[in-house]
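Just so you know, all these numbers are worked out from the coordinates, no wet-lab data involved. Computed from a predicted model, the values in this text were never measured in an experiment. Heads up, the Cβs are rebuilt from the backbone with ideal geometry, glycines too, and the neighbour counts pull from every protein chain shown.
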Amino acid sequence: MRYDELVQPQRVHGSLYTSPEIFADELAKIWYRSWVYVGHVSEIAAPGDYVRKSIGPQDVIMSRDAGGEVHLLLNRCAHRGNLVCEADKGNSSSFRCPYHGWTYRNSGELIGYPFPQGYGGRGKLDELGLGRVPRMAVYQGFVFGSFAADGPSLAQHLGDAAGEIDRLVRLSPEGEIEVKAGWLKHRARANWKLLAENETDGYHPQFVHASIFSVAESGIGALYGEKSTAVTRALGNGHSENDLRPEFRRLGAPLGWFGTTEAKVPDYVAAMRALHGPAAEDILVEGAPHVMIFPNLFIAEISMFTIQPLAADLTVQHVTAVQLKGAPEMNRRMLQQCVGSVGPAGLLLADDTEMYERNQVGVAELRPEWLDVRRGAHREHVDERGLTVGGATDETGMRGFWAHYKELMSA
Ligand code: FES
Ligand code: FE
């Protein structure tokens, strides 16, 4: 496949969204090679806790062993390949395969098999165990895995996107977020890249989300207009953000980014001021990031999404409310806002998903073959960090995504 022909600076080919062959190539070159976000340490807070997660179509068990170590194990019995873990989450020191009863410690080692004489006795299969994601690394509690035994470190992969995760966790009076609100799963008959590209597309909200902006009397729509001082930034390595801080600073109101006031969350504001002193004012005004971390983690201020590709035209979007450790007043509101916008009857994600699915049908049409991603290219600039910055409604993030995509796929 000639990815340098399919991915051009200002246009990308429609087959990138529809071809099963390209999808298989993406699994090999992106999903099973690059760093992929898996889960958060707070989901397995106690020894023995486990949650079922994924890296693309791979079923991954994230567990915490008796000593507190975190493991990323593949959900596949070493005997004849059955699933060893059925529940979405739980607490157990071991996993027992339902087929022939082989049992594994929650750190992956095979610890027993029934009727051992058939193998010449006990302890004869020590080389077997659950498969393991070869590399795991944690940043601010966010657990990432990579199927590549070597390659760039997680710090290298995250690069300038790490600061956006920092911006999220510093909103907690204890400097940590928690993922404990439960997960919603939304299935979309669409290619995963339509979702990834849309996450920092500041061009669509005025149109796709007009209904929620009008009923909620939200100021969000104006952030994504031609007059907005917000910017879209390519953060490198395919990551991108809508940096809304210029608008929030202009507004100058603590928690204005969250559509609330300090009077409504007094304990939270007091805790932040006690912790940060005068620096708390900027933190409370600037709010949470809106960042897409390549290829599958999207932090949308109060909601956190992971993108799970299953086929060229099938993707599951997992979503949960961000919870700030030590901020119960905020957490209740964050949960409500999350459910109201991206829950089953939410007013935001359903509209995006409708666009993804219509888009998937559209890109299968044979002409004009290309999708245009040139918006704002003529008015970009490079900032003091060396990052490319465009206007609030520009496709700067998409172009950054595609540049990284082409690099990985051409390798
Ligand atoms: Fe798991 Fe046989 S497949 S014990
Ligand atoms: Fe949207």
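In table form, for the structure just shown:
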{"quantity": "Residue check, TYR17 assigned to a helix (DSSP H, G or I), hydroxyl-bearing (Ser, Thr, Tyr) and within 30 Å of THR396 (Cα to Cα)", "calculated": "yes"}
{"quantity": "PHE298 more than 16 Å from ligand 1 (Cβ to nearest atom), closer than 30 Å to PRO266 by Cα, of a type in the set (Phe, Trp, Tyr) and in contact with a strand residue (DSSP E or B) (Cβ under 8 Å, 6 or more places away or on another chain)", "calculated": "yes"}
{"quantity": "Residue in the range 374-383 that is in a strand (DSSP E or B) and away from ligand 2 (no atom under 16 Å from the Cβ) present", "calculated": "yes"}
{"quantity": "Matching entry among ALA222, ALA155, ALA230, ALA216 (being more than 17 Å from the chain's Cα centre (by Cα) and free of Cβ contacts under 8 Å to residues at least 60 places away in the same chain)", "calculated": "ALA222"}
{"quantity": "Conditions (1) in contact with a Ser or Thr (Cβ under 7 Å, 6 or more places away or on another chain); (2) in contact (Cβ under 8 Å) with a residue 40 or more places away in the chain: number failed by TYR268", "calculated": "(1)"}
{"quantity": "Among the residues listed as TYR32, TYR37, TYR104, the single one being in contact (Cβ under 8 Å) with a residue 12 or more places away in the chain, among the hydroxyl-bearing types (Ser, Thr, Tyr) and within 16 Å of ligand 1 (Cβ to nearest atom)", "calculated": "TYR104"}
{"quantity": "Conditions (1) within 27 Å of GLN360 (Cα to Cα); (2) touching a helix residue (DSSP H, G or I) at 6+ places or on another chain (Cβ under 6 Å); number of the one not met by GLU247", "calculated": "(1)"}
{"quantity": "Enumeration of residues in the range 174-191 that are in contact with an Asp or Glu (Cβ under 8 Å, 6 or more places away or on another chain) and within 16 Å of ligand 2 (Cβ to nearest atom)", "calculated": "ALA188, ALA190"}
{"quantity": "Only one of GLY182, GLY219 that is farther than 22 Å from GLU354 by Cα and touching a Leu at 6+ places or on another chain (Cβ under 9 Å)", "calculated": "GLY219"}
{"quantity": "Of the criteria (1) without any contact (Cβ under 8 Å) to a residue 40 or more places away in the chain; (2) part of a loop (DSSP other than H, G, I, E, B), which one MET1 fails", "calculated": "(1)"}
{"quantity": "Scope the range 85-94; condition touching a residue at least 24 places away in the same chain (Cβ under 8 Å), within 26 Å of the chain's Cα centre (by Cα) and under 15 Å from ASN106 (Cβ atoms); matching residues", "calculated": "CYS85, ALA87, LYS89, GLY90, ASN91"}
{"quantity": "Residue in the range 45-75 that is farthest from ligand 1 (Cβ to nearest atom), counting only those that are crowded, with 16+ Cβ neighbours inside 10 Å and either part of a loop (DSSP other than H, G, I, E, B) or among the hydroxyl-bearing types (Ser, Thr, Tyr) (or both)", "calculated": "GLY56"}
{"quantity": "Among (1) surrounded by fewer than 23 Cβ atoms within 10 Å (Cβ to Cβ); (2) touching a residue at least 60 places away in the same chain (Cβ under 8 Å); (3) hydrophobic (A, V, I, L, M, F, W, C), the one test that LEU235 misses", "calculated": "(1)"}
{"quantity": "Meets criteria (surrounded by 20 or more Cβ atoms within 10 Å (Cβ to Cβ), in contact (Cβ under 8 Å) with a residue 60 or more places away in the chain and of a type in the set (Asp, Glu)) for GLU174", "calculated": "no"}
{"quantity": "Unmet criterion (only one of (1) in contact (Cβ under 8 Å) with a residue 40 or more places away in the chain; (2) crowded, with 18+ Cβ neighbours inside 10 Å; (3) among the aliphatic types (A, V, I, L, M)) for LEU110", "calculated": "(1)"}
{"quantity": "Qualifying residues in the range 234-250 (those that are closer than 18 Å to ILE220 by Cα and of a type outside the set (Asp, Glu)) - the one nearest to the chain's Cα centre (by Cα)", "calculated": "ASN242"}
{"quantity": "Close pairs (8 angstrom Cβ cut-off, 6 or more residues apart or separate chains): closer than 18 Å to ARG135 by Cβ and of a type in the set (Ser, Thr, Tyr) in the range 58-83, in a loop (DSSP other than H, G, I, E, B) and within 16 Å of ligand 2 (Cβ to nearest atom) anywhere", "calculated": "none"}
